[in-house]
Amino acid sequence: MILEAKNIHKAYANHKALDDVSISVPQGSVFGLLGPNGAGKTTLIRNINQIIAPDSGEIWFDGERLQPKHIEQIGYLPEERGLYKKMKVGEQAMYLAQLKGLSEKQAMAKLKEWFEKFGMETWWDKKVEELSKGMAQKVQFIVTILHDPKLLIFDEPFSGFDPVNVELLKAEMMNLREKGTTIIFSTHNMGSVEELCDEIALINKSRVVLSGNVKDIQRQYRNQTYSLTYEGETEKDLKPLLPQGFTVLESKPHGHGFYNAKIQIPTDSKINHLLTEITKHVEVTGIQEILPSMNDIFIQTVTKK
Ligand code: ADP
């Protein structure tokens with residue numbers, strides 16, 4: 001594990017923001033810190049970044065108790081991103097890059113490379129106040145990752161970005177993971193969890209209510225639902241052909257001469273049973289288990305508590 005938070009408690013004046021929160025972030029993973037607004041995500045991120053100390057609990061980084069020397073190995077993109085409005089973009093980026101320990105030459109070379117990559121060359125001499133929120137966010141993203149930290153932490157990285165830039169950011173996150181960087185990001189939007197995250201922790205009302213590997217969680221919540229494609233001249237009503245307890249959730253054409261049905265089988269039944277029955281009547285051309293979406297799992301978990 002590159003990062004472990006163990007039994008973290010943090011209270012503000014009249015609110016317990018973290019109540020016995022533990023997370024384990026494997027080296028090289030993309031870790032989603034998920035949960036509704038106010039759940040405690042930013043508080044945990046600030047603990048990890050040593051901006052505020054937890055009341056109790058331990059944080060371990062790369063095999064050691066977290067300490068100030070680790071700050072330079074962690075890149076942090078806060079949700080509220082302050083840039084100096086009157087300063088020029090290039091000057092500011094150079095300043096921030098050098099704060100992170102890059103030499104002037106290194107900073108210039110790397111920044112030029114990234115500004116080109118993101119098509120931002122013409123922004124260099126603009127004032128920060130001339131940038132849109134999304135543009136400023138791109139500048140901050142670059143400055144955050146520029147010194148190749150081992151661990152990157154993005155707080156709500158997609159808020160304020162248009163869809164094209166969200167895709168750009170996701171692609172860069174994937175590139176960073178390929179290079180072995182560990183990424184923790186927080187979001188209240190469950191939309192891209194399956195696509196991006198290897199591991200997650202879902203925080204609700206200051207507590208971790210669900211955590212682990214995304215695929216493992218999806219499998220744990222599997223609900224015996226399968227997508228079945230079959231060939232036929234006309235759409236067969238599958239319902240009368242299925243044994244009792246099997247449910248057709250959805251049925252629709254799937255190109256010319258093919259159909260697709262979403263079928264849920266009883267908990268004590270197996271997919272082989274469905275196939276044995278159905279192949280007596282139709283020519284099955286494909287079958288795949290449908291795992292529940294993380295969004296559905298979250299809603300189920302959060303409303304249960
Ligand atoms: P999230 O990032 O999940 O939206 P936060 O960690 O920002 O949640 O906030 C968790 C709770 O703690 C919220 O109810 C918030 O109002 C409260 N809170 C956050 N920061 C402070 C603070 N500095 N003082 C008092 N309460 C705070």
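Could you tell me which residue of the stretch 82-93 is nearest to the ligand (Cβ to nearest atom), considering only residues that are surrounded by 13 or more Cβ atoms within 10 Å (Cβ to Cβ) and over 21 Å from Lys150 (Cα atoms)? Even if it seems obvious, please write down each step before you answer.
Pass one, the stretch 82-93, residues surrounded by 13 or more Cβ atoms within 10 Å (Cβ to Cβ): 83-84, 87-93.
When the remaining residues are screened for being over 21 Å from Lys150 (Cα atoms), the result is 83-84, 87-92.
Numbers: Leu83: 21, Tyr84: 24, Met87: 28, Lys88: 32, Val89: 28, Gly90: 32, Glu91: 31, Gln92: 26 Å.
Restricting to residues being surrounded by 13 or more Cβ atoms within 10 Å (Cβ to Cβ) and over 21 Å from Lys150 (Cα atoms), the top hit is Leu83.
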Per the list (1) farther than 30 Å from Gly40 by Cβ; (2) touching a strand residue (DSSP E or B) at 6+ places or on another chain (Cβ under 7 Å), residue check on Gln244 breaks on (2)
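When the stretch 247-260 is examined, which residues are found to be open to solvent by 40 Å² or more (accessible area, probe 1.4 Å), in a strand (DSSP E or B) and not polar (S, T, N, Q)? Spell out the reasoning first.
Restricting attention to the stretch 247-260, the residues satisfying the condition of being open to solvent by 40 Å² or more (accessible area, probe 1.4 Å) are 247, 249-256, 258.
Checking which are in a strand (DSSP E or B) leaves us with 247, 249-253, 258.
Correct list: Leu249, Glu250, Lys252, Pro253, Phe258.
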Going through the stretch 261-284 in order, the residues found to be surrounded by fewer than 11 Cβ atoms within 10 Å (Cβ to Cβ) and under 14 Å from Gln244 (Cα atoms) are Thr267, Asp268
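Inside the stretch 178-221, can you point out the residues that are of a type in the set (Lys, Arg) and more than 19 Å from Val21 (Cβ to Cβ)? Spell out how you get there, then give the answer.
Keep residues of the stretch 178-221 that are of a type in the set (Lys, Arg), which gives 179, 205, 207, 215, 219.
Matches in the stretch 178-221: Lys179, Lys215, Arg219.
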Scanning the stretch 100-112 residue by residue, the ones that are surrounded by 12 or more Cβ atoms within 10 Å (Cβ to Cβ), part of a helix (DSSP H, G or I) and not small (Gly, Ala, Ser) total 5
Item to complete: For the stretch 36-52, state whether one or more residues are buried (at least 19 other Cβ atoms within 10 Å of the Cβ) and touching a Pro at 6+ places or on another chain (Cβ under 7 Å).
Response: yes
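Do we have Pro78 as modelled with pLDDT of 90 or more and open to solvent by 30 Å² or more (accessible area, probe 1.4 Å) here?
Details: modelled with pLDDT of 90 or more: no; open to solvent by 30 Å² or more (accessible area, probe 1.4 Å): yes.
No.
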Can Thr144 be described as among the hydroxyl-bearing types (Ser, Thr, Tyr), part of a helix (DSSP H, G or I) and open to solvent by 20 Å² or more (accessible area, probe 1.4 Å)? no
Checking Gly101, Gly63 in turn, the sole residue that is in contact (Cβ under 8 Å) with a residue 40 or more places away in the chain and small (Gly, Ala, Ser) turns out to be Gly101
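The values are calculated or read from the model by the stated rules, or taken from the named source; none is laboratory data. These figures come from a predicted structure and were not determined experimentally. Don't worry about glycine lacking a Cβ; one is built from the backbone with ideal geometry, like all the others, and counts go over all protein chains shown. All accessible areas refer to the heavy atoms of the entire protein, side chains included, with ligands and DNA or RNA removed. Shrake-Rupley method; radii C 1.70, N 1.55, O 1.52, S 1.80 Å.
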